[in-house]
Ligand SMILES: NC(=O)c1ccc[n+]([C@@H]2O[C@H](COP(=O)([O-])OP(=O)(O)OC[C@H]3O[C@@H](n4cnc5c(N)ncnc54)[C@H](OP(=O)(O)O)[C@@H]3O)[C@@H](O)[C@H]2O)c1
């Protein structure tokens with residue numbers, strides 16, 4: 001049995017609690033919140049869970065094995081360190097941190113304490129994405145050369161909402177751009193060069209960011225992310241002998257392979273829940289096997305992704321108050 005504690009009680013915490021309903025031998029035993037009102041929102045999904053009105057109390061709960069961190073990006077570091085310092089394993093939402101230096105501190109803390117830590121990049125654990133990557137490595141589209149991604153959703157331009165609030169790490173890149181950066185890593189490895197441009201909200205947060213990355217074997221990734229418009233969230237991987245097209249690539253249930261000259265072949269992988277069950281199952285599998293990190297989402301990969309996010313930010317001149325706080 002994997003006994004979960006959840007820190008933060010917003011939109012994604014509720015979705016995660018819902019996903020756990022279809023995961024065998026996993027249970028949310030406790031939730032931690034800063035207020036009774038917001039705790040009530042998550043408690044509706046997990047009526048049996050103990051409610052702690054502070055994150056400190058949640059991480060001290062002996063019934064909890066692993067903590068899911070579902071706070072705004074700027075709070076990931078503090079919540080993760082708090083959980084690790086109290087002997088808990090951690091699954092931390094994406095983006096793993098605001099910047100590479102925060103991420104390094106989190107990874108070091110987990111390694112020093114020999115505790116499991118993983119970035120909740122749910123895309124990687126979905127059966128559709130795993131099969132698409134397997135087929136690519138088997139050469140189904142020849143040599144992969146180029147990845148083209150668009151991703152975004154419309155959000156009301158409310159300057160106080162976490163998506164535009166600089167104090168909470170607002171903007172499209174950190175919230176959404178991390179998906180294509182992660183997918184590019186998965187397919188081509190760490191980029192060797194980065195160019196980028198963005199448009200800004202009045203708060204300074206990036207509302208739209210586009211970037212082009214080049215990789216070691218001459219592959220190219222281009223992506224655009226936005227919080228100003230709904231996007232079909234399409235990822236297309238082009239190879240020398242065809243291409244793979246993935247709809248809703250951040251949470252895929254199908255993809256299509258088109259080999260040059262052939263009819264397209266569709267591959268379907270329906271979820272049992274909302275898609276987050278796969279990352280939860282990976283955490284349980286790793287904990288049962290005594291692993292300190294997942295081979296599907298290693299900590300080195302997470303650190304590399306955060307370094308590339310920093311690089312893109314430096315190209316577009318995007319700085320957060322959190323960047324000014326010395327870490328360590
Ligand atoms: N995997 C995905 O598909 C996905 C989707 C959406 C979001 N996310 C990630 O999940 C994280 C949370 O996103 P969300 O959309 O769930 O956010 P949200 O609805 O605003 O919820 C965030 C929760 O964090 C807690 N919190 C702690 N410090 C806070 C602060 N200073 N301001 C506001 N809330 C604070 C609050 O819970 P309490 O008041 O109970 O403490 C709040 O309910 C983000 O890092 C985001 O990138 C992932």
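Inter-part distance, region 138-188 to region 69-86, computed on C-alpha centroids, equals 22 Å. Against the chain, whose longest principal axis comes from its Cα atoms, helix 178-188 is set at around 50 degrees. Normalising the Debye intensity of region 34-87 to I(0), with uniform scatterers on Cα atoms only, and taking log10 at q = 0.17 Å⁻¹ returns -0.55.
Ordered by the count of other Cβ atoms within 10 Å of each Cβ, fewest first, 137, 94 give 137, 94. Give me the one-decimal Kirkwood hydrodynamic radius in Å for region 107-248, with the sum taken over alpha-carbon pairs. After inverting the mean inverse Cα-Cα distance, the result is 16.4 Å. Roughly speaking, what % of Cα-Cα pairs in the chain are separated by over 32 Å, rounded to a whole number? In whole percent, the share of Cα-Cα pairs in the chain beyond 32 Å is 27. With R₀ set to 22 Å, the beta-carbon distance separating residue 78 from residue 1 gives a calculated FRET efficiency near 0.20. When the helices of the chain are scored as -39500 (n - 2.57) per DSSP H run of n ≥ 4 and the total is divided over every residue, the value at 222 nm lands at -9000 deg cm²/dmol.
Against the main long axis of the alpha-carbon atoms of the chain, helix 11-20 sits at an angle near 90°. Computed over the chain with a Gaussian network model linking Cα atoms closer than 10 Å, the most mobile of 184, 13, 78 is 78. Take every pair of alpha-carbon atoms less than 8 Å apart whose residues are at least six positions apart; their mean separation over the length of region 55-200 yields a relative contact order of 19 percent. Classify region 113-163: rounded, prolate or oblate, from the alpha-carbon gyration tensor (a ≥ b ≥ c, eigenvalue square roots; a/c under 1.5 rounded; otherwise prolate if a/b is larger than b/c)? It is oblate, given that a/c is not under 1.5 and a/b is not larger than b/c. Counting every C-alpha pair in region 185-328, the share spaced more than 20 angstrom apart comes to 65%. Take the chain, connect every pair of alpha-carbon atoms lying under 10 Å apart with a spring to form a Gaussian network, then pick out the residue of 169, 239, 290 with the largest mean-square fluctuation. Most flexible of the set in this elastic network: 290.
Against the chain, whose longest principal axis comes from its Cα atoms, helix 299-316 is set at around 70 degrees. Inter-label distance, residue 229 to residue 268: 3.1 nm, where each label sits 7 Å from its Cα along the C-beta direction. When each of 28, 67, 136 is scored by the number of other beta-carbon atoms lying within 10 Å, the sequence from fewest to most is 136, 28, 67. At q = 0.09, 0.21 Å⁻¹, what is the base-10 log of I(q)/I(0) for region 2-122 according to the Debye formula with one equal point scatterer per Cα and no solvent? Please give it to two decimals. Taken in order of the listed q values, log10 I(q)/I(0) reads -0.20, -1.16. Extension gain, residue 259 to residue 156, is 33.0 nm, computed as 0.36 nm per intervening residue step minus the present C-alpha separation. With 0.36 nm allotted per residue and the present C-alpha distance subtracted, the residue 217-residue 112 stretch has 34.3 nm of extension available. FRET efficiency for residue 202 and residue 85, Cβ-Cβ distance as r, R0 = 22 Å, nearest 0.05? Computed FRET efficiency for residue 202 and residue 85 comes out at 0.05.
As a length-normalised measure over Cα pairs under 8 Å and 6 or more apart, the relative contact order of the chain settles at 19 percent.
No lab work stands behind these numbers, since they all come straight from the coordinates. All figures in this text were calculated on a predicted structure; none of them were measured in a lab. Methodologically, a virtual Cβ is constructed for each residue, glycine included, from the backbone with ideal geometry; neighbour enumeration extends over all protein chains shown.
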